[in-house]
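The values are calculated or read from the model by the stated rules, or taken from the named source; none is laboratory data. Note that this is a predicted model, so its numbers are computed, not measured. Positions of Cβ are generated from backbone atoms using ideal geometry, with glycine treated the same way; all protein chains shown enter the neighbour counts. Just so you know, the surface numbers come from the protein's heavy atoms only, side chains and all, with ligands and any DNA or RNA stripped out. Shrake-Rupley method; radii C 1.70, N 1.55, O 1.52, S 1.80 Å.
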Amino acid sequence: MSFTAKDVQALRERTGCGMMDCKKALTEAEGNMDKAVELLREKGLAAAEKKSSRIAAEGLVLTKYDEDKRVGAIIEVNSETDFVAKNDSFRAFVEQCADTVIACDPKSVEELNGCKVPGTDSTVEELLRDKILTIGENMKIRRFERIEGVASFYIHGGGRIGVAVQFDVDPEAAKNAAFQEYAKDVAMQIAAAMPAYVNKEDVPADVIEKEKEILTAQALNEGKPANIAEKMVAGRINKYYKEVCLVEQPYIKDGDLTVAKFTEKTAAEIGSPIKIVSFVRYEKGEGLEKKSDNFAEEVASMVK
């Protein structure tokens, strides 16, 4: 499998490694990007796979919560430009979509499109079509989650990042100001620290095995004997848990506490056990590539 200069650049962005190291890794991996990342990590050149921060698509992440029904929604709707994303009409449409998710409990975007928007005679798809014609820009409902029960929601950067967290806690205790502040802080933690799982038990076994393989190769490449490498891997796996598991992470407002300890402390304060059940973190446009026009080609095509 061959590779191009763009592949080398993509590997650099993904790992933070030097150009020559990336080129060698891709050569050794015969162009396989994932294998090249693995090789760089095994050599200790890439501390961890770096998530690309180049968010390409525009749009808005929005959250809504119906206190009476104790049902909420988090949704991402994309637009072509940031200008449209800041448009009041666009925001109002995204809110209508969130209201529809809460009211109709659709299981997919396709199902949501066919739902009637509360307070109107139109479906989501009909309203979307109308917005596209009115605003003159393509828009797309990308994803959503509906959350039932006690939950907390947080929006950062005017809709760039959205978080929804579901808790298992006594509904009356959840009205306590201490819990309300705790729940908001947990949502902010997720926005800032980007955990992938709630706790150790949620991490799939194959993910841990792959991590152990990479960490073992790193230790052996550092010249450590096999028995020492094994102990090093155990320590590094614990460090890995602290990075990817929410309850294992140091609490952002007090590094002496983990999120688990912060949860225990708040539970004692409100007189009710608290369990973080699940969370959703959306970052606007993550994983999407924006169309990039070549200006010279555009001018040439206009001349033709």
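If Pro118 satisfies every condition in (1) within 22 Å of Gly255 (Cβ to Cβ); (2) not in a strand (DSSP E or B) but one, which is the exception?
Among (1) within 22 Å of Gly255 (Cβ to Cβ); (2) not in a strand (DSSP E or B), the lone unmet condition for Pro118 is (1).
For the stretch 205-222, check the following and say yes or no: at least one residue is of a type in the set (A, V, I, L, M), farther than 18 Å from Glu248 by Cα, open to solvent by 60 Å² or more (accessible area, probe 1.4 Å) and in a helix (DSSP H, G or I).
Just the residues of the stretch 205-222 that are of a type in the set (A, V, I, L, M), to begin with: 205, 207-208, 214-215, 217, 219-220.
Of the ones still in play, those that are also farther than 18 Å from Glu248 by Cα are 214-215, 217, 219-220.
Filter again for open to solvent by 60 Å² or more (accessible area, probe 1.4 Å), leaving 220.
This time we only want the ones that are in a helix (DSSP H, G or I), so: 220.
So far as the stretch 205-222 goes, yes, one or more of its residues are of a type in the set (A, V, I, L, M), farther than 18 Å from Glu248 by Cα, open to solvent by 60 Å² or more (accessible area, probe 1.4 Å) and in a helix (DSSP H, G or I).
Can you pull out the residues in the stretch 255-267 that are open to solvent by less than 70 Å² (accessible area, probe 1.4 Å) and at pLDDT 95 or above?
Step one: filter the stretch 255-267 for residues open to solvent by less than 70 Å² (accessible area, probe 1.4 Å), giving 255, 257-260, 262-263, 266-267.
Those that are open to solvent by less than 70 Å² (accessible area, probe 1.4 Å) and at pLDDT 95 or above: Leu257, Thr258, Val259, Ala260, Phe262, Thr263, Thr266, Ala267.
Scanning for something within 27 Å of Glu172 (Cα to Cα), touching a strand residue (DSSP E or B) at 6+ places or on another chain (Cβ under 8 Å) and not β-branched (Val, Ile, Thr), does the stretch 107-114 turn up at least one residue?
Initially, the stretch 107-114 is screened for residues within 27 Å of Glu172 (Cα to Cα), giving none.
For the stretch 107-114, residues within 27 Å of Glu172 (Cα to Cα), touching a strand residue (DSSP E or B) at 6+ places or on another chain (Cβ under 8 Å) and not β-branched (Val, Ile, Thr): absent.
Within the stretch 71-83, is even one residue at pLDDT below 90, on the phi < 0 side of the Ramachandran plot and of a type in the set (A, V, I, L, M, F, W, C)?
Within the stretch 71-83, one or more residues are at pLDDT below 90, on the phi < 0 side of the Ramachandran plot and of a type in the set (A, V, I, L, M, F, W, C).
Among the residues of the stretch 1-17, what is the count of those that are surrounded by fewer than 12 Cβ atoms within 10 Å (Cβ to Cβ), at pLDDT below 85 and hydrophobic (A, V, I, L, M, F, W, C)? If you could, list the steps in order and put the result at the bottom.
First pass over the stretch 1-17, keeping only residues surrounded by fewer than 12 Cβ atoms within 10 Å (Cβ to Cβ): 1-2, 4-6.
Filter again for at pLDDT below 85, leaving 1-2.
After this cut, where a residue has to be hydrophobic (A, V, I, L, M, F, W, C) as well, the list is 1.
Matching residues across the stretch 1-17 total 1.
Name the residues in the stretch 134-158 that are over 28 Å from Ile274 (Cβ atoms), open to solvent by less than 40 Å² (accessible area, probe 1.4 Å) and not aliphatic (A, V, I, L, M), would you? I'd like the intermediate steps shown before the answer.
In the first step, residues of the stretch 134-158 are kept if they are over 28 Å from Ile274 (Cβ atoms); the result is 134-142, 158.
So of that shortlist, the ones also open to solvent by less than 40 Å² (accessible area, probe 1.4 Å) come out as 137, 139, 141.
Once the filter is applied, which keeps residues that are over 28 Å from Ile274 (Cβ atoms), open to solvent by less than 40 Å² (accessible area, probe 1.4 Å) and not aliphatic (A, V, I, L, M), the stretch 134-158 yields only Glu137.
Being free of Cβ contacts under 8 Å to residues at least 24 places away in the same chain and part of a helix (DSSP H, G or I) is the filter here; which residues of the stretch 268-290 pass it? Outline the logic, then answer.
Looking only at the stretch 268-290, we keep the residues that are free of Cβ contacts under 8 Å to residues at least 24 places away in the same chain, and these are 268, 287.
The answer is Ala268, and nothing else.
For the stretch 268-286, what are the residues that are open to solvent by less than 20 Å² (accessible area, probe 1.4 Å) and farther than 21 Å from Ile155 by Cβ?
Restricting attention to the stretch 268-286, the residues satisfying the condition of being open to solvent by less than 20 Å² (accessible area, probe 1.4 Å) are 272, 276, 282, 285.
Listed by number, the list holds a single entry, Ser272.
Under 7 Å between Cβ atoms, at least 6 apart or on separate chains: pull out the pairs that start in the stretch 139-160 with a residue that is without any contact (Cβ under 8 Å) to a residue 60 or more places away in the chain and more than 13 Å from Val186 (Cα to Cα) and end on any residue that is open to solvent by less than 60 Å² (accessible area, probe 1.4 Å) and of a type outside the set (Val, Ile, Thr).
Cβ pairs passing all conditions: His156/Ala191.
I'm trying to understand the selection: among the residues of the stretch 18-64, which are among the hydroxyl-bearing types (Ser, Thr, Tyr) and either at pLDDT below 75 or in a loop (DSSP other than H, G, I, E, B) (or both)? Quick ask: steps written out before the conclusion?
Filtering the stretch 18-64 down to residues among the hydroxyl-bearing types (Ser, Thr, Tyr) leaves 27, 52-53, 63.
The answer is Ser52, Ser53.
Tell me, which residue of the stretch 159-188 that is of a type in the set (A, V, I, L, M, F, W, C) and over 16 Å from the mean Cα position of the chain (by Cα) is surrounded by the fewest Cβ atoms within 10 Å (Cβ to Cβ)?
Let us first name the residues in the stretch 159-188 that are of a type in the set (A, V, I, L, M, F, W, C), namely 161, 163-165, 167, 169, 173-174, 177-179, 183, 186-188.
Next, from what is left, pick out any that are over 16 Å from the mean Cα position of the chain (by Cα): 167, 169, 173-174, 177-179, 183.
Numbers: Phe167: 21, Val169: 23, Ala173: 18, Ala174: 20, Ala177: 8, Ala178: 14, Phe179: 22, Ala183: 22.
Across the stretch 159-188, the extreme among qualifying residues is Ala177.
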